[in-house]
């Protein structure tokens with residue numbers, strides 16, 4: 001069995017059912033809370049980038065980024081289907097998303113996850129992101145890319161606006 005990650009248009013990700021699966025999982029973990037989904041036209045216009053993760057030829061996960069500012073991307077819509085977790089697929093998706101961000105000249109990545117997503121929190125900690133908790137029980141991860149050639153080694157920092165708003169877990 002082999003993992004493959006490929007860039008994808010937002011409509012490919014939707015057609016593969018991955019956004020629907022992700023939103024269903026979020027709804028089950030956070031009943032009654034709003035689910036963000038993805039607005040394809042807005043995502044494209046923002047300069048967003050999606051990948052699909054495959055186990056053999058089956059689409060089993062996705063991940064994306066959207067530009068946050070001139071030097072930072074926000075990692076979005078990270079997901080791997082439950083039956084395919086624990087196989088390294090999410091790491092490969094995150095690696096591909098950050099590689100494209102770096103290729104486009106971005107220097108930092110941030111993301112937001114929530115406290116009922118232990119798999120995501122574990123991945124981001126494993127990826128050496130610093131995790132912060134904000135006032136709404138949302139977790140923020142923040143990383144700075146160290147060099148163009150080294151992905152696995154990230155220098156971590158929290159800028160002033162994060163440190164004023166968040167408390168280190």
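The values are calculated or read from the model by the stated rules, or taken from the named source; none is laboratory data. In this text the structure is predicted, and so the values were computed from the model without any measurement. With ideal geometry, Cβ positions are generated from the backbone for all residues, glycine too; neighbour counts draw on all protein chains shown.
Of all residues in the range 103-115, which are surrounded by fewer than 17 Cβ atoms within 10 Å (Cβ to Cβ) and either in contact with a helix residue (DSSP H, G or I) (Cβ under 6 Å, 6 or more places away or on another chain) or at pLDDT 90 or above (or both)? Of everything in the range 103-115, those that are surrounded by fewer than 17 Cβ atoms within 10 Å (Cβ to Cβ) and either in contact with a helix residue (DSSP H, G or I) (Cβ under 6 Å, 6 or more places away or on another chain) or at pLDDT 90 or above (or both) turn out to be 103, 104, 105. For the range 1-12, which residues satisfy the criterion of being over 15 Å from residue 93 (Cβ atoms) and in a loop (DSSP other than H, G, I, E, B)? Answer for the range 1-12, where residues must be over 15 Å from residue 93 (Cβ atoms) and in a loop (DSSP other than H, G, I, E, B): 1, 9. Reported count of residues in the range 15-45, each being under 18 Å from residue 112 (Cα atoms) and under 16 Å from the mean Cα position of the chain (by Cα), is 10.
Checking 108, 87, 66 one by one, the residue that is at negative phi and more than 15 Å from the chain's Cα centre (by Cα) is 87 and no other.
Only one residue in 49, 30, 11 is touching a residue at least 24 places away in the same chain (Cβ under 8 Å), touching a helix residue (DSSP H, G or I) at 6+ places or on another chain (Cβ under 7 Å) and surrounded by fewer than 18 Cβ atoms within 10 Å (Cβ to Cβ), so which one is that? The unique qualifying residue is 11. Meeting the requirement of 2 or more residues that are modelled with pLDDT of 95 or more, the strands (runs of 3 or more DSSP E) wholly within the range 13-81 are 49-55, 58-67.
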